[in-house]
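What follows draws every value from the coordinates through simple rules; no lab data is involved. This is a predicted model, so every value here is computed, not measured. In this analysis, Cβ positions are derived from the backbone assuming ideal geometry, glycine residues included, and neighbour counts consider all displayed protein chains.
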Amino acid sequence: MRHARVLLDRDFAIGDTDPRLFGAFVEHLGRCVYGGIYEPGHPTADAQGFRGDVLALIKELGVTIVRYPGGNFVSGYNWEDGVGPLAARPTRLDLAWFSTESNGFGTNEFIDWCRAAHVEPMLAVNLGTRGGDAARNLVEYCNHPGGSSYAELRRAHGYPEPHGVKFWCLGNEMDGPWQMEHKTATEYGRVAAEAAKLMRWVDPSLILAACGSTSRNMPTFGRWDDEVLEHTFELVDFLSLHTYLNNYRGDSAAFLAAPDLMDFFIEEVIAIADAVAARRRSRKRLLLSFDEWNVWYRTRRTRQDRVKEGWPVAPPILEEIYTMEDALAFGGACISLLNHADRVKCACLAQLVNVIAPIMTETGGGAWRQTIFYPFQHMSRHGRGRVLKCQVHSETYAAAYYDPRGSLDQEFPIPAAPYLKLAAVATAGGGLSLFALNRDLGQPMTVSVEARGFADLAVAEALELRHHDLSAVNSRAAPDRVAPQPLERVESDGGKVTLGLAPASWNLITLAPRRGA
Ligand code: AHR
């Protein structure tokens, strides 16, 4: 049995969680759009072809903002192909995923879908094969009220009111050689700065995110971010970062320690952004958008994993089936994001449906929740508030994480991963949410939490996600094989909370002031 101790105080906060921290990502990739969120003729589809069963699950998941249309796809996308009468839309080869794009779904359908899903839209512009001109035209099309050719085009397409899209990504993963018209940091910095300038001249209210390093493992990490910010610092609000966790080596302990590398990554990017600010004697503090994050490796490594030959339409690619173990690493990533709520003000789980996703569908059939659905749902539902600084006293272990991303095929040491990874959020009405991951694969853990500055707290809800078989998955036939169960071993008395965590478990505990306290 392991023991851990946590000390927190309601007055000592990291920062408030921004609702945009609970975002997700929809790319024209595989069956994410076609057969995922959009399937005309499906028994649950509405008049526009939006699947009702998927919309219901997205609402249950608690997603707040959705990034679209890519991803790698956006770097070859002509947004004009996806608007206007369906019959006139061209069919194109998508060189990101070697499939055929019908353009049956485009920007206007996405905006309508966001309204139906009750989420904010986030658009990415193509800074690969295109640049500032196409980007500013898209902003005009989406956000300008009328009286100019692109605004009038939108109106002619049946949208008299502007879409009012606030959050825009300046391209995608432009540091990666796999990207269409990949660029050096200087090339991208210049293009991003000019695109930002033009886009803001059309609509000064835009929030803009420049591409930071695709991963901490990129050979250009650090230098890329520094150079891009040299060009864009005054023009953007956010710098983006991406991480996909893996367990290629079958080393579960290292896999569960890997979210700590997200903590390092975030802190390093903050250091770089603040160094750029310091050089300019600027008090501006750039925010971070973790606009792609997840576990992804089984359907990633080889071209056969990612591409189906013959230029198919919406092929079933990147359909990662998530295990119990994946949900644990994923939960660790949720905790890393929460614990940086002061600077990470936006994040997008990549992706949302079918493609490395918490929600799976059968074409023409049902939809179900993957294992990773639950930690995200818990974080989104119960992570709104002030994230507290926590003193976590837990034994640690050393791990070596392997990550083949970029050209560095190497190990990343994690010298001291605490067995307990935890985040605490002070919620409205004097409540407290605890998110706790026991990373010990074999031993249970008791956790004593001293919650200072709170009234006497009573347990409102306590759930654990665990399974004796770490390879257990959910499927159409067994959709609830891995699902949260009540956590029995919780006590709360006068600001002291005691938890009994099972080995290899994700836990959510919410507390509220005891009646009369
Ligand atoms: O999410 C899948 C892909 O991963 C995205 O298209 C790309 O941005 C990243 O490499």
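So that you can scan it fast, the table gives a plain yes or no per residue for (1) within 16 Å of the ligand (Cβ to nearest atom); (2) under 25 Å from the mean Cα position of the chain (by Cα); (3) of a type in the set (Gly, Ala, Ser):
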| site | (1), (2), (3) |
| --- | --- |
| Ala24 | yes, yes, yes |
| Asp46 | no, no, no |
| Leu57 | no, yes, no |
| Val74 | yes, yes, no |
| Gly84 | no, no, yes |
| Leu95 | yes, yes, no |
| Phe98 | yes, yes, no |
| Ile111 | no, yes, no |
- request: Please enumerate the residues belonging to the stretch 461-479 that are touching a strand residue (DSSP E or B) at 6+ places or on another chain (Cβ under 8 Å) and part of a loop (DSSP other than H, G, I, E, B).
  value: Arg466, Leu470, Ser471, Ala472, Asn474, Ser475, Arg476, Pro479
- prompt: How many residues are among the charged types (D, E, K, R), crowded, with 21+ Cβ neighbours inside 10 Å and within 24 Å of the chain's Cα centre (by Cα) when one looks only at the stretch 142-182?
  reply: 2
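Going through Leu245, Leu261, Leu206 one at a time, which residue ends up being within 16 Å of the ligand (Cβ to nearest atom), in contact (Cβ under 8 Å) with a residue 60 or more places away in the chain and of a type outside the set (Val, Ile, Thr)?
Being within 16 Å of the ligand (Cβ to nearest atom), in contact (Cβ under 8 Å) with a residue 60 or more places away in the chain and of a type outside the set (Val, Ile, Thr) holds for just one of Leu245, Leu261, Leu206, which is Leu245.
Test Pro162 against the stated conditions and say whether it is assigned to a loop (DSSP other than H, G, I, E, B), without any contact (Cβ under 8 Å) to a residue 40 or more places away in the chain and within 16 Å of the ligand (Cβ to nearest atom).
no
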- request: Working only within the stretch 81-101, note down all residues that are surrounded by fewer than 18 Cβ atoms within 10 Å (Cβ to Cβ) and within 14 Å of Val33 (Cα to Cα).
  value: Thr100
For Val139: the one exception among (1) within 18 Å of the chain's Cα centre (by Cα); (2) closer than 26 Å to Gly212 by Cα; (3) of a type in the set (A, V, I, L, M): (1)
task: Could you grab me the full set of residues in the stretch 339-355 that are within 16 Å of the ligand (Cβ to nearest atom) and part of a strand (DSSP E or B)?
output: Cys346, Ala347, Cys348, Leu349, Ala350, Val353
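Looking at the structure I just gave you, is Ala400 away from the ligand (no atom under 16 Å from the Cβ), touching a strand residue (DSSP E or B) at 6+ places or on another chain (Cβ under 9 Å) and either in a helix (DSSP H, G or I) or among the hydrophobic types (A, V, I, L, M, F, W, C) (or both)?
Taking the combined requirement at face value, the residue satisfies it.
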- line: When the stretch 192-220 is checked residue by residue, the ones that are over 20 Å from the mean Cα position of the chain (by Cα) and buried (at least 23 other Cβ atoms within 10 Å of the Cβ) are Ala192, Ala195, Ala196, Met199
- request: Being under 21 Å from Lys284 (Cα atoms), among the aromatic types (Phe, Trp, Tyr) and not in a helix (DSSP H, G or I) is the filter here, so list the residues in the stretch 192-234 that pass it.
  value: Phe233
query: Considering the stretch 407-439 alone, what residues qualify as being surrounded by 22 or more Cβ atoms within 10 Å (Cβ to Cβ), of a type in the set (D, E, K, R) and outside any strand (DSSP E or B)?
result: Arg439
Breaking point among (1) part of a loop (DSSP other than H, G, I, E, B); (2) within 18 Å of the chain's Cα centre (by Cα), for Asp260: (1)
- prompt: What about Ala253, is it loosely packed, with under 15 Cβ neighbours inside 10 Å, away from the ligand (no atom under 16 Å from the Cβ) and assigned to a helix (DSSP H, G or I)?
  reply: no
- line: Note on Gly516: of the conditions (1) free of Cβ contacts under 8 Å to residues at least 24 places away in the same chain; (2) under 31 Å from the mean Cα position of the chain (by Cα), unmet is (2)
message: Please verify whether Ala329 is buried (at least 24 other Cβ atoms within 10 Å of the Cβ) and either without any contact (Cβ under 8 Å) to a residue 24 or more places away in the chain or under 27 Å from Ile14 (Cα atoms) (or both), treating the condition exactly as stated.
response: yes
task: Scan the stretch 1-43 residue by residue and report those that are in contact with a Lys or Arg (Cβ under 8 Å, 6 or more places away or on another chain), surrounded by fewer than 17 Cβ atoms within 10 Å (Cβ to Cβ) and within 29 Å of Gly76 (Cβ to Cβ).
output: none
message: When you scan the stretch 312-323, do you find a residue that is within 16 Å of the ligand (Cβ to nearest atom), touching a Cys at 6+ places or on another chain (Cβ under 9 Å) and part of a loop (DSSP other than H, G, I, E, B), even just one?
response: yes
- request: Would you point out the residue of the stretch 312-370, among those that are in contact with a Ser or Thr (Cβ under 9 Å, 6 or more places away or on another chain) and of a type in the set (D, E, K, R), that is nearest to Ala472 (Cα to Cα)?
  value: Glu325
statement: By residue number, the members of the stretch 361-385 that are hydrophobic (A, V, I, L, M, F, W, C) and away from the ligand (no atom under 16 Å from the Cβ) are Ala367, Trp368, Phe373, Met379
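For (1) of a type in the set (D, E, K, R); (2) within 15 Å of the chain's Cα centre (by Cα); (3) within 15 Å of the ligand (Cβ to nearest atom), each residue gets a yes or a no:
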site	(1), (2), (3)
Arg283	yes, no, no
Leu288	no, yes, no
Asp291	yes, yes, yes
Arg303	yes, no, yes
Leu337	no, yes, no
- request: Those residues that are surrounded by fewer than 17 Cβ atoms within 10 Å (Cβ to Cβ) and in contact (Cβ under 8 Å) with a residue 24 or more places away in the chain, I need them from the stretch 44-80; list them, please.
  value: Asp46, Gln48, Lys59, Glu60, Asn78
